[in-house]
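Here's the structure we're looking at; comments come further down.
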Amino acid sequence: MKKSFILFCLFLIFFLTGCDSEKPTIIFSKTPFTSQTMYTPANKFAPGERIYFAVYNPKEFKTRLLKLQVFKKESEKSEFWGLEYLYNRTLELNNKKAYTDYVVINNAGFYIFQIFDFTDFQTPVVLGIVKVEPIH
């Protein structure tokens, strides 16, 4: 019951935020995605802060495995968007529609999250960008 409620809440969040209902999406938050907490959208985080993310695909992913890759954009002023490889992890889904987790990034910068279906590592299913910067 609890998992179905969380899945329903995620579906409602994606529906109400104006996301294309046919395409997969990724959202970021400063709070975990649970039935007890509200979704607090965020794209800016402090170094060392947990970056909660949720991936949702209304049509279901092809397999129960996804690949998460995180890259750091070298410089905000970089002409060619130089990227530094930061993180790679295989995600195992409980169902084929949604996944939630968090990562912690300790250095300031722009970070690109790519999610791949395990059947195709050439084209990401969804992309998301967050900024990590010290709080002033």
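Of 73/96; 30/73; 44/96, which ones are farther than 25 Å apart at the Cα?
Going by Cα-Cα distance, 73/96; 44/96 fall outside the 25 Å limit.
Please give me, ordered by residue number, the trypsin sites (Lys or Arg not before Pro) of segment 42-115 that lie in loop per DSSP and have at most 14 other Cβ atoms within 10 Å.
59, 62, 64, 77, 96
I need the chymotrypsin sites (Phe, Trp or Tyr not before Pro) found in segment 87-136, filtered to DSSP loop residues with at most 13 other beta carbons within 10 Å of theirs.
Answer in residue order: 121.
So how far apart, in nm, are the two label points at residue 121 and residue 73 if each is 7 Å from Cα heading toward Cβ?
Reported label-point gap for residue 121 and residue 73 is 2.6 nm.
Compute the accessible area per residue over segment 86-136, keeping the other protein chains in place, probe 1.4 Å, unit Å².
Value for segment 86-136: 57 Å² per residue.
The values are calculated or read from the model by the stated rules, or taken from the named source; none is laboratory data. Note that the structure is a prediction, hence the values are computed from the model and not measured. All Cβ positions, even for glycine, are placed from backbone atoms using ideal geometry, and neighbour counts span all protein chains on display. Areas reflect the complete protein model, heavy atoms only, side chains present, ligands, DNA and RNA absent. Shrake-Rupley method; radii C 1.70, N 1.55, O 1.52, S 1.80 Å.
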